[in-house]
Structure formats: structure tokens, C-alpha cells
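Remarks on the structure that follows.
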Amino acid sequence: MENTHDFRSPAINLIGVGALKDLPLELMPYKLSKALIVTDKNIIRLGYVEIVEKILKDLFISYDIFDGILHPDCTISFVEDALTYFKKNLNILKKDYHFIISVGGGTNHDCAKGIAIVATNGGDIEDYEGYEKMTKPSLPVITINTTSGSGAEVSNVAIIKDESRKVKMTIADPKMMPIISVNDLRFMPSMPPEITASSGLDVLTHSIEGFVSTEASPVTDSLAIDAVKLVFGYLRRAYKNGNDLEAREKMMFANVMGGMVLNNAGLGYVHSMSHQLGGFYEEVHGSCNAILLPHVLEYNAVSIPEERILKISEAVGAKANNKQEAINKINHSIQNLSEDIGIPTHLSSIGINENDLELLSKNAEKDINSLVNPRKGTFVDIMNIFKAAM
């Protein structure tokens with residue numbers, strides 16, 4: 001029986017202290033001459049965009065800046081606003097934009113990907129919801145990352161909120177994979193504690209969901225388990241002291257590893273459900289993941305081999321003798337970690353209304369992340385998971 005696994009990531013991933021200094025050398029062979037920088041006003045205020053501008057100037061690459069990302073959820077309106085700006089700022093003396101550089105966290109990277117898709121494929125970003133809906137490669141995208149959580153900088157996935165439907169669309173296609181990603185530790189200490197916490201738990205969820213996904217492979221397994229160990233070893237430290245550079249560096253690597261896991265193994269019901277909470281209630285993605293993860297893991301356990309559950313238990317630092325003991329200890333460890341870094345452990349505490357659960361569950365069932373969940377259920381099963389998390 002055939003059993004193949006693709007592994008995709010940006011062609012070049014620059015990681016570590018001062019990694020951005022290597023970007024000019026990697027950019028030169030592409031012979032690109034005009035860029036659109038996609039970012040937000042806070043990233044500009046921190047001085048990170050200015051560093052990128054200097055690199056482009058030194059390479060004689062012209063550029064414009066779109067800073068219209070106004071909150072931590074990429075929306076259709078952000079993509080549309082950027083595309084309008086994109087068209088207005090074309091220089092008739094030069095060719096159109098050759099590439100896009102996103103500077104910031106996952107929201108900025110997802111917006112850049114959305115712009116890049118429509119720029120070459122036309123239509124509206126909604127046309128590309130789902131898997132492999134593009135007919136042409138997107139504009140080249142370079143992602144310069146400033147957070148440790150979404151993994152968006154190393155994935156060919158974009159999460160974009162459709163405000164009219166109150167859902168988060170998942171758009172996935174290898175033809176929009178960034179060509180270069182940059183994770184430079186110098187940008188990480190600026191993350192406030194609450195973003196450090198929620199993004200770190202997003203990394204944890206990517207890693208555990210990817211490890212139990214039906215598309216997991218030995219390659220993604222190794223990345224996932226080591227990322228879980230790093231999260232449990234260093235997230236508390238990074239949260240308590242943002243200037244703890246060792247903890248920041250470890251979480252930076254965990255983020256890259258978790259991003260590669262999600263991109264190649266997929267996720268599952270946690271993300272299918274969390275996307276609905278983010279779309280309908282505008283709740284913080286990583287926090288929703290952390291609340292849901294123990295309950296989805298409990299539901300999935302019957303379909304996950306005991307050996308894999310025991311490996312997760314060992315990775316979180318809890319030895320167990322059997323599957324159920326391991327599940328209990330994993331879930332207890334996740335909830336303890338959440339409490340230690342100020343993340344809620346129940347949906348009711350963030351204002352989720354039980355009357356909305358049927359609609360949320362039906363939408364979650366349709367989310368493409370549900371396709372690789374290890375246990376196949378119905379929207380009623382998903383609704384019961386929501387209720388258990390209340």
C-alpha cells in the first residue's frame with residue numbers, strides 16, 4: 001500500500017541571533033527590484049521596518065509600505081485594503097511589485113500571503129478558501145518574523161477572517177510557500193507577556209495535533225516531540241522574563257519546528273474549533289487552543305496508539321504506565337502550564353455562549369483541519385467537545 005509524505009518549507013530559513021544580516025546575500029540571486037512591505041504601525045514604531053528598509057536600499061530595491069493591519073486577526077478587509085494600495089502605488093516607470101516582505105507576526109504574514117495570491121491569480125481572496133485552489137504561483141513572499149507562535153512564516157497556509165460570515169477561512173496551497181523566512185532573536189524580546197503566552201500555547205497545539213494527525217511522519221514526529229519539550233522547558237521562563245534570551249531562543253526554535261509540523265502533518269479538531277471561536281467571538285487563537293486541546297485529546301485518545309500518547313506524556317515531563325494515565329497527566333500538565341502563564345482553562349470564562357455551539361460545531365466540521373483529525377466524528381461529537389470545555 002502506498003504511504004508517501006511530502007515535506008515542504010521555505011527554500012531558505014534564516015534562524016538565530018543576527019539572522020537578518022544574511023538576508024541580502026540570499027536575496028541577490030532572485031534579482032528582484034520592487035517590494036511591498038506588509039506590516040503594522042507597532043512594528044514600525046519598534047524600528048524593525050527601518051532595518052528592512054536599509055537592507056532594500058543597500059540592494060537598490062525600491063519599495064512601498066502597507067501598514068494597514070489594525071488588529072491581531074488577518075481579515076478580508078486588510079487584504080482588500082492592501083490590494084487597493086498595491087494598485088495605486090505601481091510605478092509606471094518600472095515593472096509591478098516583484099515580491100512582498102511581511103514583517104511581524106502571523107497576522108502580517110497571512111495578509112502578505114493573501115495579497116500575493118490575488119496579485120497573480122486574480123479574483124477575491126475568498127475564492128481560494130480550502131486546499132490547492134490557486135492556478136498560478138503567488139508573488140514571492142519573504143517573511144520576517146517577530147513572534148514565536150503562529151508558524152505562519154514557514155507554512156503555505158493562511159488564516160483569513162471573513163467578517164461577514166464570522167468564520168476564519170483556511171487557505172492552503174504549496175504555490176504560496178514563502179521563499180525565505182527569517183527568525184532573528186533580536187526581534188523576540190519585544191513580545192508582551194500575554195502574546196508570549198498565547199503564541200507559545202499555539203506552538204504546543206501545533207506540535208501535539210501534528211504528532212497525532214493522520215498525516216504524521218517520522219520527520220514531523222521528531223520535530224513535534226522536541227517542540228513540545230522546548231515549550232514545557234522554556235515557555236514559563238519566556239513569559240516571566242521577556243529578556244531571558246535563552247528562553248526566547250528556545251521558543252523561537254520551537255515555533256519554527258511547530259510551524260513545519262503543521263505545514264506537513266496538518267492539525268485537527270482543536271484548530272477547526274478554535275478558528276470558529278476566533279471568527280465568531282474574536283477570541284485569542286492560542287488561548288482557545290489551550291482550552292480545547294485537553295478535551296480534543298481525550299476525545300481522540302481511542303484512535304491514537306498508546307505508544308504515541310506515552311511519547312507525548314514523556315515530552316511534557318510526566319511519566320505514565322498506560323494510555324489513560326498518560327492522557328490524564330498530559331491534560332493536567334497543559335492546564336497547569338496555562339494557569340501559570342495567565343491563560344484561561346474554560347470557555348465559559350472567556351464568554352462563549354452555549355447557544356452558539358451548534359453553529360460553531362457545524363462550521364468546525366467543514367474546516368479543512370478536520371480532515372486529518374485521528375478520530376472521525378460528526379458535528380454532534382464536536383459540539384460535545386465544546387460542551388466539555390465550557
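Values in this text are rule-based calculations from the coordinates and carry no lab data. What you see is a predicted model; the values in this text were computed from it and never measured. Every residue, glycine among them, receives a Cβ derived from its backbone with ideal geometry; neighbour counts consider all protein chains shown.
Of the cross-linked pairs LYS136/LYS376; LYS34/LYS136; LYS175/LYS376; LYS240/LYS329; LYS21/LYS240; LYS41/LYS161, those separated by over 31 Å at the C-alpha level are LYS136/LYS376.
What does the highest-first list of 196-204, 272-280, 222-230, 361-369 look like by mean Cβ count within 10 Å? Let's see the in-between values first.
Values: 196-204: 27.3, 272-280: 25.8, 222-230: 22.3, 361-369: 20.4.
My ranking of the peptides, most packed first, is 196-204, 272-280, 222-230, 361-369.
From the helices alone, meaning DSSP H stretches of at least four residues, give me the mean residue ellipticity at 222 nm for the chain, per-run term -39500 (n - 2.57), in deg cm²/dmol to the nearest 500.
Working: 14 runs with 192 residues, N = 390.
After summing the helix terms and dividing by residue count, I get -16000 deg cm²/dmol.
Charges at C-beta only: +1 for Lys and Arg, -1 for Asp and Glu. How large is the resulting dipole of the chain about its Cα centre, in Debye rounded to 20?
Details: 37 positive and 49 negative charges, 142 e Å.
Dipole size: approximately 680 debye.
Mind grabbing the base-10 log of I(q)/I(0) for the chain at q = 0.07, 0.10, 0.13, 0.14 Å⁻¹? Debye formula, identical points on the C-alpha positions, no solvent, two decimal places. At q = 0.07, 0.10, 0.13, 0.14 Å⁻¹ the computed log10 ratios are -0.29, -0.60, -1.03, -1.19.
Relative to one another, the C-alpha centroids of the range 135-164 and the range 1-23 are positioned 14 Å apart. Sorting TYR239, TYR30, TYR269, TYR85 from the fewest to the most surrounding beta carbons within 10 angstrom yields TYR30, TYR85, TYR239, TYR269. Measuring against 23 Å, Cα to Cα, the residue pairs LYS168/LYS229; LYS87/LYS113; LYS113/LYS250 contain LYS168/LYS229; LYS113/LYS250 as the ones spanning a longer distance.
Starting from the Cα gyration tensor of the range 288-387, take the square roots of the eigenvalues, sort them a ≥ b ≥ c, and report rounded, prolate or oblate (rounded when a/c is under 1.5, otherwise prolate if a/b is larger than b/c, else oblate). It would help to have the intermediate numbers written out before the result.
Working: a/c = 2.54, a/b = 1.31, b/c = 1.94.
Judged from the Cα gyration tensor, the range 288-387 comes out oblate (a/c at least 1.5, b/c at or above a/b).
For LYS319, the aspartates and glutamates whose Cα falls under 18 Å of its own Cα, not counting residues fewer than eight places away in the same chain, are ASP226, GLU298, GLU306, GLU307. Per-peptide packing, taken as the mean over residues of other Cβ atoms within 10 Å, places 157-163, 134-140, 3-9 in the sequence 157-163, 134-140, 3-9 from highest down. Between VAL157, PRO178, ILE291, the Cα set farthest toward the positive side of the dipole of the chain (charges on each charged residue's Cβ, about the Cα centre) is that of PRO178.
Counting Lys and Arg as +1 and Asp and Glu as -1, what is the net charge of the other residues whose Cβ lies under 11 Å from the Cβ of ALA318? Don't skip to the answer; put the middle values down first.
Working: positive: LYS319, LYS329; negative: GLU314, GLU325.
Surrounding charge for ALA318 is 0.
Given R0 = 25 Å, the distance between the Cβ atoms of TYR131 and SER303 translates into a calculated FRET efficiency of 0.65.
THR39 sits among other residues whose Cβ lies under 12 Å from its own Cβ, and their net charge, with Lys and Arg +1 and Asp and Glu -1, is -3. Couplings for the range 193-201, taken from phi via the Karplus curve 6.51 cos²θ - 1.76 cosθ + 1.60 with θ = phi - 60°, read x, 5, 6, 4, 5, 5, 5, x, 6 Hz in order; Gly and Pro are left as x.
Let me check I've understood the local charge: for ASN263, count other residues with C-beta under 11 angstrom from its C-beta, Lys and Arg +1, Asp and Glu -1. What total comes out? Mind showing how you got there, number by number?
On the way: positive: ARG8; negative: ASP6, GLU153, GLU215.
Neighbour charge sum, excluding ASN263 itself: -2.
Mind checking the angle between helix 357-366 and the chain's longest principal axis? C-alpha axes, 0 to 90 degrees, to the nearest 10. The angle comes out near 60 degrees. With a/c under 1.5 counting as rounded, go ahead and sort the range 192-389 into rounded, prolate or oblate using the C-alpha gyration tensor (a ≥ b ≥ c being the square roots of the eigenvalues; past the cut-off, prolate if a/b is larger than b/c, else oblate). Here the range 192-389 falls in the oblate category.
Given a Förster distance of 56 angstrom, what is the FRET efficiency for LYS319 paired with LYS88, based on the Cβ-Cβ distance and rounded to 0.05?
On the way: r = 60 Å, r/R0 = 1.07.
Once the sixth-power term is evaluated, E becomes 0.40.
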